[in-house]
Amino acid sequence: MAEKPKAVVLLSGGMDSCVSAALVGKTHRLALLHASYGQRTEARERRAFDEIADVYGVRERLVVRFDAFAQIGGSALTDEKIVVPEQGEALAPDAGIPITYVPFRNAHFLSAAVSWAEVIGANAIFIGAVAEDSSGYPDCRPEYYRAFERLIREGTRPETRIEIATPVIAMRKSEIVRRGVELGAPLERTWSCYQFDDEACGVCDSCRLRLRAFEEARVPDPIAYRAGAGLGDRARTAS
């Protein structure tokens, strides 16, 4: 039997990237890349990455740091002087680009992934971007990844063939939850909260998207939330 091809999966430690890794593991050998960039929950996301990688028995791992984002600022995720939104306004269809957007962040992550893929012989890079529920982030759009794939062709060795794949980009968050459950993905190991690393706040945009997804999927969210936090119309979930 022919050996599976190798793929680099960007694994933030969140739900979307975890389910992406579960999907990719069916067809590829996994090499997992995690990026720390001075975000508020940096340590908790790194813990989620390690635990998910352990579940899948992945030995080929790369953790990279992008310290410049904290110096650049401009995002509530990397600048503590900017308040993380908690009222859900950023989730409205006409809200524009939210303050939790980290300027051009995914380009840095993908660049590191391309460099690593070229060295280790991976022929694909997978990223768990979601277009519909992405809070308006411009670097989560399908056309962005098509453009970056053209950049790879122009900027790597002539014999290099690396594609960018976005396996969950067209899914709703609730579909991602259901698919993760079907695959047995370790959703209990994932972390989505923008603010805290002990218990999720339940009120930031990322928590609200996650809670809504689990509610629509009719699946209990396996992580713990702070008492009294979360969507007003959801049933209380706990780990």
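With respect to S206, determine if the residue is at pLDDT below 95, open to solvent by 60 Å² or more (accessible area, probe 1.4 Å) and at negative phi. So that I can check it myself, show each step before the final result.
Details: at pLDDT below 95: yes; open to solvent by 60 Å² or more (accessible area, probe 1.4 Å): no; at negative phi: yes.
Spelling it out, it is not the case that S206 is at pLDDT below 95, open to solvent by 60 Å² or more (accessible area, probe 1.4 Å) and at negative phi.
Any residue in the range 77-88 that is in contact (Cβ under 8 Å) with a residue 24 or more places away in the chain sitting within a Cβ distance under 7 Å of a residue that is open to solvent by 20 Å² or more (accessible area, probe 1.4 Å) and not in a loop (DSSP other than H, G, I, E, B)? List the pairs, counting only those 6 or more apart or interchain.
These pairs meet every condition: T78/A70; G88/R208.
Residues being outside any helix (DSSP H, G or I) and surrounded by fewer than 16 Cβ atoms within 10 Å (Cβ to Cβ): count how many of those fall in the range 109-143.
3
Among what's in the range 209-230 and is among the basic types (K, R) and more than 17 Å from V130 (Cα to Cα), pick the residue that is surrounded by the fewest Cβ atoms within 10 Å (Cβ to Cβ). I'd like the intermediate steps shown before the answer.
Taking the range 209-230 and keeping what is among the basic types (K, R), we get 210, 212, 218, 226.
Adding the requirement that they be more than 17 Å from V130 (Cα to Cα) leaves 218, 226.
Numbers: R218: 9, R226: 16.
The residue in question is R218.
Quick one: in the range 1-47, of everything that is among the hydroxyl-bearing types (S, T, Y) and not in a helix (DSSP H, G or I), which residue is surrounded by the fewest Cβ atoms within 10 Å (Cβ to Cβ)?
Going through the range 1-47, the residues among the hydroxyl-bearing types (S, T, Y) turn out to be 12, 17, 20, 27, 36-37, 41.
Filter once more, keeping what is not in a helix (DSSP H, G or I): 12, 27, 36-37, 41.
Numbers: S12: 25, T27: 10, S36: 17, Y37: 21, T41: 20.
Ranking the candidates gives T27 first.
What are the residues in the range 111-155 that are of a type in the set (A, V, I, L, M) and within 21 Å of L23 (Cβ to Cβ), if any? Steps first, answer last, please.
Looking only at the range 111-155, we keep the residues that are of a type in the set (A, V, I, L, M), and these are 112-114, 117, 119-120, 122, 124-125, 127, 129-131, 147, 151-152.
Matches in the range 111-155: A113, V114, A117, I120, A122, A124, I125, I127, A129, V130, A131.
Hey, could you check the range 84-96 for residues that are farther than 25 Å from R47 by Cβ and open to solvent by 30 Å² or more (accessible area, probe 1.4 Å) and say which is modelled with the highest pLDDT?
Among those that are farther than 25 Å from R47 by Cβ and open to solvent by 30 Å² or more (accessible area, probe 1.4 Å), it is G96.
Is it the case that R146 is assigned to a helix (DSSP H, G or I), exposed (fewer than 14 other Cβ atoms within 10 Å of the Cβ) and not hydrophobic (A, V, I, L, M, F, W, C)? Steps first, answer last, please.
On the way: assigned to a helix (DSSP H, G or I): yes; exposed (fewer than 14 other Cβ atoms within 10 Å of the Cβ): yes; not hydrophobic (A, V, I, L, M, F, W, C): yes.
Judged against the criteria, R146 is a match.
Given the conditions (1) crowded, with 21+ Cβ neighbours inside 10 Å; (2) within 23 Å of A107 (Cα to Cα); (3) not aromatic (F, W, Y), which single one is not true for I52?
(2)
Where residues in the range 149-165 are in contact (Cβ under 8 Å) with a residue 24 or more places away in the chain and in a loop (DSSP other than H, G, I, E, B), which of them is most open to solvent (accessible area, probe 1.4 Å)?
Per the stated criteria, the residue is R161.
Given the criteria touching a strand residue (DSSP E or B) at 6+ places or on another chain (Cβ under 6 Å) and in a helix (DSSP H, G or I), does C207 qualify?
yes
Given the condition free of Cβ contacts under 8 Å to residues at least 24 places away in the same chain and among the hydrophobic types (A, V, I, L, M, F, W, C), answer yes or no: does some residue in the range 12-31 qualify?
The answer is no, given that none of the residues of the range 12-31 is free of Cβ contacts under 8 Å to residues at least 24 places away in the same chain and among the hydrophobic types (A, V, I, L, M, F, W, C).
Take the range 69-84 and flag every residue that is in a loop (DSSP other than H, G, I, E, B), touching a helix residue (DSSP H, G or I) at 6+ places or on another chain (Cβ under 8 Å) and not β-branched (V, I, T).
S75, D79
The values are calculated or read from the model by the stated rules, or taken from the named source; none is laboratory data. This structure is a prediction, so every number in the text was calculated from the model and none was measured. When we count neighbours, we look across all protein chains shown, and the Cβ atoms used for this are built from the backbone with ideal geometry, even at glycine. Surface areas here come from the heavy atoms of the whole protein model, side chains and all, with no ligands, DNA or RNA. Shrake-Rupley method; radii C 1.70, N 1.55, O 1.52, S 1.80 Å.
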